[in-house]
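Structure, as structure tokens:
Bear in mind that the values in this text are calculations on the coordinates, not laboratory data. Predicted model, so just to flag it, every value in this text is computed and none were measured. Cβ: placed from backbone, ideal geometry, glycine included. Neighbour counts: every protein chain shown.
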Amino acid sequence: MPLVSMRQLLDEAAKGGYGVGAFNVNDMEQIQAIMGAAKETNSPVVIQASRGARAFAQDRYLFHLILAAAELNPEIPIAMHQDHGNSFETCKSAIELGYTSVMMDGSLKEDGKTPATFEENVAVTKKVVDFAHERGVTVEGEIGVLGGVEDGHGAGGTGLEHITDPDQAVEFAELTGVDALAIAIGTSHGAYKFTKKPDGSVLKMDVLIAIHKRLPNTHLVMHGSSSVPKDLQDVINEYGGKLKETWGVPVEEIQLGIRNGVRKINVDTDNRLAMTGAIRKVLWTQPEKFDPRDYMKPAREAMQKVVALRMKQFGQAGHAGDYKPIAITEIAKGYKDGSLVTKPLVAAR
Ligand code: G3H
Ligand code: 13P
Ligand code: ZN
């Protein structure tokens, strides 16, 4: 199957009332783990690459690895997504490479650290929307700022400093015409999200529900949505790792989000933990091993297990064959003639 538009994938998810996991990749084994899980559970999927991933793997390696995934799994709809684009140029380069979806994270300035003003965010996001939609490519925007720093990207802090204002979310969606909207509800990137199991004082599901009430037809995106399970932490620490006690986003909170308009759920850290634990275990228990396949195979299997579980928990499992992919050129026509509505439906308060 050719790569599909993320907009089509999320529209289908909205019809079916489920969420779609968006998993980060940097190398072949991670792509294979995701595809193994998608095949096993018959799931549509978003494969996403950060700027760091594109630099690490090099654009053409990563792009062709994802194309190979599509070629080898014709029954699985795959959207290829730029995660946290920091500028118009980053998004343009992804689109020119062949990504079917981009995130313009205008919540931060181009340095990827400093919170941007609302006006700056609207201007750069709208510019990306105009360029992308002309080419049938989906755009995710972000309003509010997440916590944490990953690979130099992020404003830092706990995630409570810049919670999304529902009124601003409405205005932002109207002014930009984004296909999907990432919101800040207290989560942060990386392993250290919460110091205890999060309650409503730190994980603001009430804000998410308020936004969904105002924007009932807008696909919401939850970033920083790894659950950081204790069993994955334990494997790392058992085999010489030094993770401090930490909590992630409970799956039941994500499921509450999915019942309230969340269609894309970003997960990276859980997969990093699973792979690292598996590699540590081999190297710790079998120090004589030196063939990378001896630890990369268990690492890939451990990641596949986590991804397959999330696909079932998010509800995308079983939905790969529900629809026929629409060509990106047709999607472009839909944006042009207005049949693919980009102006959000705003509910009266
Ligand atoms: O945005 C966060 C993702 O986990 C990607 O992280 O920038 O370290 O590749 P990265
Ligand atoms: P985690 O660090 O919680 O996996 O979040 C990943 C993410 O939001 C990627 O954009
Ligand atoms: Zn993110």
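Data overview
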read-out: For the range 116-270, alpha-carbon Rg and Dmax in angstrom; value: 16.2, 51
read-out: The range 200-242: trypsin sites (Lys or Arg not before Pro) in DSSP coil with no more than 10 other Cβ atoms inside 10 Å; value: LYS242
read-out: Estimated vicinal HN-Hα couplings, Hz - the range 75-87 in sequence order (Karplus 6.51, -1.76, 1.60; Gly, Pro = x); value: 8, 9, x, 10, 9, 9, 10, 7, 8, 6, x, 9, 7
read-out: Extent along principal axes [Cα atoms of the chain; Å; largest to smallest]; value: 62, 45, 36
read-out: Filtered GluC sites (Glu not before Pro), the range 243-349: DSSP coil and at most 14 other beta carbons within 10 Å; value: GLU245, GLU288
read-out: Distance between modelled label sites at ASN260 and GLU161, nm, 7 Å Cα→Cβ extension; value: 2.5 nm
read-out: Qualifying chymotrypsin sites (Phe, Trp or Tyr not before Pro) for the range 245-349 [loop in DSSP, other Cβ within 10 Å: at most 14]; value: PHE290
